[in-house]
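A.B. asks: Before I ask anything, let me first share the structure, which is written out below as structure tokens.
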Amino acid sequence: MTSVETIPNKALSGAEVKRLIMGDCERLIANESLLADHLAYGRISYEVRLTMHIDNQFIPVSVSTIASRPVGLNTLPAMPEMVALEGAPPLNGPSGEAIITAQQVERVIDSPNSERLRMGLPVPADVRQPDGSILTEQIKYPATGEDGTVTVKDVSTEARDELKFKGAK
């Protein structure tokens, strides 16, 4: 950085936040031992929930969910392996062996530029031109590979309580 450059800590764009969330989703899935390649399920349902706490008085919290859906009957002959996928949790009429497991990833973003550096996203730099105008350039650094302020925690008990599930733990 030179005397004609400044690195403002501008807010993260929606596109940048999407990249951060996708990275956290990949981490969450990678940490779930029940999704190991050697495992298979005769019946399964799932829900993915995104909860964002936003510093905005009009939209302080945003919650989006997507749940598994059974494959349409018209596709079953072509995709018999998809019969195991059921609708949103809990399963209908689960066996005594059924379990519910849930993990949650939480990230605190204190510095937009720190997150940009961590993920290898371009960092905006304001550069003063010879004519006095300021041009914003995007400087790309290699990803640091650090995790940032992120925690992954088991929330299986809360999920079982929310779904009123009385099966195996």
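A.B. asks: Rounded to the nearest 500, what is the 222 nm mean residue ellipticity of the chain from helices alone, with -39500 (n - 2.57) per DSSP H run of 4+ residues and division by all residues?
C.D. replies: Taken over the chain, the calculation gives -6000 deg cm²/dmol.
A.B. asks: Also: Springs between alpha-carbon atoms under 10 Å, Gaussian network over the chain: tell me which of MET52, MET119, MET22 tops the mean-square fluctuations.
C.D. replies: MET52
A.B. asks: Give me the angle, in degrees from 0 to 90, between the Cα long axis of helix 14-31 and the longest principal axis of the Cα atoms of the chain, rounded to the nearest 10.
C.D. replies: Tilt relative to the chain: about 40 degrees.
A.B. asks: Sticking with this structure for a sec: Given THR136, ILE7, SER111, which one lies farthest toward the positive end of the charge dipole of the range 5-162, if we put +1 on the Cβ of every Lys and Arg and -1 on the Cβ of every Asp and Glu?
C.D. replies: Highest projection toward the positive end goes to THR136.
A.B. asks: Expressed as a whole number of Å, what is the distance separating the alpha-carbon centroids of the range 39-55 and the range 138-169?
C.D. replies: First find each Cα centre; the distance between them is then 11 Å.
A.B. asks: Report the gain in length on full extension from THR151 to SER111: 0.36 nm times residue separation, minus Cα-Cα distance, nm rounded to one decimal.
C.D. replies: Difference between extended and current length: 12.7 nm.
Computed from the coordinates by the stated procedures, all read-outs in this text should not be read as laboratory data. Note that the structure is predicted; figures quoted are calculated from it, not measured. All Cβ positions, even for glycine, are placed from backbone atoms using ideal geometry, and neighbour counts span all protein chains on display.
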